[in-house]
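Below: the structure, in structure tokens.
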Amino acid sequence: MTKLLTTLLIALSTTLFAQVEVAKDVLDKLSATTKAYTNMTIGFDFIFENKSQSINEQQSGVLVLEGDNFRLEMNEQTIINDGESQWVYLKDINEVQIMEHDPEDDMMSPNKLFTIYEQGYKYTYGGAKAEEGKRLHIIDLFPEESGAFIKVQLLINAAKNQLHKIILFDKNSGTYTYLVTSFKSNTDVRPFTFNTGDYPGVEVIDLR
């Protein structure tokens, strides 16, 4: 019985190690592909769902990334960050708030979301699946330290080594899904700054 248990434990350990190695290989390829781009323009659908609370909220957005700079445009707000200052424009009240950029800010900042896998997580390979005619690798990430999310799942386009979907699971049974709907790289992008002249009558609140 002891020998059988030992054999099963060794087999399980070997399987888990293999899953980690496959996940690492997939993530390394994803990271190398991502870092090769000068910039990225990502169109996405965002869905927040919590079935126990009957919540299902959806909206679309566009995220432009170039180094540490980003521009996030969604239905109700625009966030722009140039590495030194961050502008948050609220469309419904025509107001912009300006604050200093904090590099140690929440890791769920838009410019970190699409590279979330690079630090602070253990990972394993969850297999592959077909979705929308694409073969996708499934990588499950588990935080090394307790935080707002208990798990992050990445679905990665196997042919292009690009993110297809990110799903974050919180402690209250909520899920936050980012589905990539369009992708462009190495294009001409607007400066990462907020021009008040483009927003007549905007109220400026400078918190720097």
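The values are calculated or read from the model by the stated rules, or taken from the named source; none is laboratory data. In this text the structure is predicted, and so the values were computed from the model without any measurement. Here the Cβ is made from the backbone with ideal geometry for all residues, glycine too, and neighbour counts use every protein chain on show. Heads up: the accessible areas ignore ligands, DNA and RNA and are worked out on the full protein's heavy atoms, side chains in. Shrake-Rupley method; radii C 1.70, N 1.55, O 1.52, S 1.80 Å.
Summary table
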quantity	calculated
Net charge, Gly126 excluded, C-beta distance under 15 Å - Lys, Arg +1, Asp, Glu -1	+2
Crossing angle, helix 2-35 versus the chain [Cα axis fit, 0-90 degrees, rounded to tens]	30 degrees
For the chain, diffusion coefficient by Stokes-Einstein and Kirkwood Rh (Cα), 20 °C, 1.002 mPa s, µm²/s	112 µm²/s
Global geometry of the range 78-132, whether rounded, prolate or oblate, following the gyration tensor of its Cα atoms and the 1.5 cut on a/c	oblate
Where the Cα pairs of the range 32-142 fall when distances are cut into 5 Å bins, in %	2, 9, 14, 17, 21, 18, 10, 6, 2, 0
Kirkwood Rh in Å, taken over the range 113-208 so that all alpha-carbon pairs contribute	16.3 Å
Average Cα contact separation per residue, the range 74-193, under 8 Å, 6 or more apart, as relative contact order %	15 percent
Alpha carbon centroid spacing (whole Å) that separates the range 184-208 from the range 94-168	26 Å
Solvent-accessible area per residue, Å², over the range 126-193 with all protein chains present [probe radius 1.4 Å]	55 Å²
Heavy-atom accessible surface of the chain: percent carbon and sulfur, 1.4 Å	51 percent
